[in-house]
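Step one of this worksheet: look at the structure below.
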Amino acid sequence: MLQNVDITIPRHVITVLCGPSGGGKTSLLRLLNRLDDPVQGDILLDGRPIVEYVVTELRHRVALVFQTPVMFPGTVLDNLAVAAELAGVQDDQFDRLASQVMLLAELEPSLLERPGDELSVGQKQRVNLARALMTSPEVLLLDEPTSALDPKTARALMKTIGSLSEVRRLTIIVATHRVSEARQYAHHAVVVQEGRVIDSGDAARVLSRLPDPDDASL
Amino acid sequence: MQTLDVLEQPILDLTWIDLTVAVGLVLISIGVSCWHRTGLARSFAVGALRTVLQLTLVGYLLVYIFAIDRWYLVVAILLLMLAVASKAAVDRQDAKTPGLFGITGVALLLGSGLTLIYVSIMVVHVDPWYNPRYLIPLFGMILGNAMNAATLAADRLAGEMETRHTEVEAYLALGASSVRAAREPVRRALRASMIPTVNALMVVGIVSLPGMMTGQIIAGADPLLAIRYQIVVMFMLGSAVALASVIVVLGYRRTFFTAAEQLRAKDV
């Protein structure tokens, strides 16, 4: 249960939500995507409460990638096609956009025809990322994107996410309990613990105050 | 002609003594249940007793209704059957969702009602329109199948929404409407509810001889007329099952989502 949360997320940079598991990071991301609504208070996007946006349009603008990748039935291409259909991508633009997001997510084009359930966890996570990018979001919410990955794959994925922020000028919010990893890419940090924000601000400053290196016992 | 001779034979009477002899068949069921300790022996005994009581009561009720011959009495009986079927369909659900009784009632009313109206007016040409000799047995058959289908559909939808809630939520998170997000659970629920009827259409006359047809033949009807009736029955069951299933699934689906296209917390 989140309480007394009052934060501002800067645009076009990577913000990390740090804190122990069960502290409220995922709950916060779900609120931003409106999968849940707060009991009290407002969440603003461009100065306007998010409840005033059409919820499906809001979710195109603020895309969420879950901690455990979820593949829709069919191939990778089918997965991208679902996102394109939902975002109203024109048929003649689909191929170009699909190639673009595959490139951004650093996925081989040859994977397009592969059934989703035959991919590795790391590949599925990247396909989930690519699928979210198909809706051309302004804000990308990533819930523990590296938690199921080995260190090498995790580093590669975070490098990809870092370049997304630079190339697409996306506002990215990453929930993670890996402080040492967060220090490498975050610009802004929010520490959430037991449902409360205990610190927020410049990532270098905020994260330097946290135990080092410590991922699990933060 | 051998066939005509058979058809002209009088119907063999069944006395209460004959029925008492038939109880031996129930004893076989009870014996098997006791032998393997299935825990169903008592249920078989109670079920057999209920069968005798319920059917006897229905028999007298039908005799009364046929004799009175009033349209409002027939409609009242049909509505009573509908209410009992709706309650039975909801009682069999594991998840007790508020409003499910209403959804099921509407599904059975429209699915069974529209099918009955179509069959009685357009196909069988029942005269007068409320003739209980046709309407009540036809509605009973339609309703029984529609009720089973509605139960299966609602139960399967609840199961699919539970097992696929992460997939459904992933669709929502991408900006899908609840209708789009639940498309696969809905498809699977409809398939599960309609497959028994499709199977019945495939094997009727080969693997199974339906009760209505055999009943008509035993009662002395021309087998070809009995078969024509049975064909109509099979088609109307397909229609009732499809309509009841789709209405219950679409109505029930709404209860899994909030107005803001969120999964309701109780279902996650």
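The values are calculated or read from the model by the stated rules, or taken from the named source; none is laboratory data. Just so it is clear, the model here is predicted, and its values are computed rather than measured. Cβ coordinates were reconstructed from backbone atoms using ideal geometry, including for glycine residues, and neighbour counts include every protein chain displayed.
Summary of values
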item: Considering residues of region B:224-239 that are closer than 30 Å to B:Val179 by Cβ and free of Cβ contacts under 8 Å to residues at least 60 places away in the same chain only, the residue surrounded by the fewest Cβ atoms within 10 Å (Cβ to Cβ); result: B:Phe235
item: Residue check, B:Met212 surrounded by 16 or more Cβ atoms within 10 Å (Cβ to Cβ), away from chain A (no Cβ under 14 Å) and either among the polar types (S, T, N, Q) or not in a strand (DSSP E or B) (or both); result: yes
item: Single match in B:Tyr118, B:Tyr134 (criterion: surrounded by 17 or more Cβ atoms within 10 Å (Cβ to Cβ), under 26 Å from B:Lys87 (Cβ atoms) and away from chain A (no Cβ under 14 Å)); result: B:Tyr134
item: Among (1) buried (at least 19 other Cβ atoms within 10 Å of the Cβ); (2) within 14 Å of chain A (Cβ to nearest Cβ) - the single one B:Phe139 does not satisfy; result: (2)
item: Residue match in region B:62-81 (condition: surrounded by 13 or more Cβ atoms within 10 Å (Cβ to Cβ), over 28 Å from B:Asp127 (Cβ atoms) and hydrophobic (A, V, I, L, M, F, W, C)); result: no
item: Pick from region A:76-111, criterion polar (S, T, N, Q), in a helix (DSSP H, G or I) and more than 13 Å from chain B (Cβ to nearest Cβ), ranking: farthest from A:Arg126 (Cα to Cα); result: A:Gln93
item: Sole exception among (1) surrounded by 13 or more Cβ atoms within 10 Å (Cβ to Cβ); (2) at the interface with chain B (Cβ under 9 Å from one of its Cβ atoms); (3) touching a Gly at 6+ places or on another chain (Cβ under 8 Å) for A:Pro73, by number; result: (1)
item: Residue within region B:147-159 that is away from chain A (no Cβ under 11 Å), β-branched (Val, Ile, Thr) and over 20 Å from the mean Cα position of the chain (by Cα) present; result: no
item: Options B:Ala242, B:Ala221, B:Ala259: the member that is within 14 Å of chain A (Cβ to nearest Cβ), out of contact with any strand residue (DSSP E or B) (no Cβ under 8 Å at 6 or more places or on another chain) and either closer than 26 Å to B:Thr104 by Cα or surrounded by 15 or more Cβ atoms within 10 Å (Cβ to Cβ) (or both); result: B:Ala259
item: Subset of region B:161-200 [within 12 Å of another protein chain (Cβ to nearest Cβ) and among the hydroxyl-bearing types (Ser, Thr, Tyr)]; result: B:Thr166, B:Tyr171, B:Ser177, B:Ser178
item: Residue in region B:190-211 that is touching a residue at least 60 places away in the same chain (Cβ under 8 Å) and within 22 Å of B:Gly113 (Cβ to Cβ) present; result: no
item: Total residues in region A:17-60, condition outside any loop (DSSP other than H, G, I, E, B) and away from every other protein chain (no Cβ under 14 Å); result: 7
item: Residue count for region A:66-75, restricted to those that are in a strand (DSSP E or B) and modelled with pLDDT under 95; result: 0
item: A:Lys159 being within 14 Å of chain B (Cβ to nearest Cβ) and among the basic types (Lys, Arg); result: no
item: Any hit, region B:62-77, residues being over 26 Å from B:Pro132 (Cβ atoms), at pLDDT 90 or above and part of a loop (DSSP other than H, G, I, E, B); result: no
item: Filter result for A:Glu181 (buried (at least 17 other Cβ atoms within 10 Å of the Cβ) and within 11 Å of the chain's Cα centre (by Cα)); result: no
item: Matching entry among A:Leu29, A:Leu17, A:Leu44, A:Leu58 (being farther than 22 Å from A:Thr176 by Cβ, buried (at least 16 other Cβ atoms within 10 Å of the Cβ) and either of a type in the set (S, T, N, Q) or under 19 Å from the mean Cα position of the chain (by Cα) (or both)); result: A:Leu58
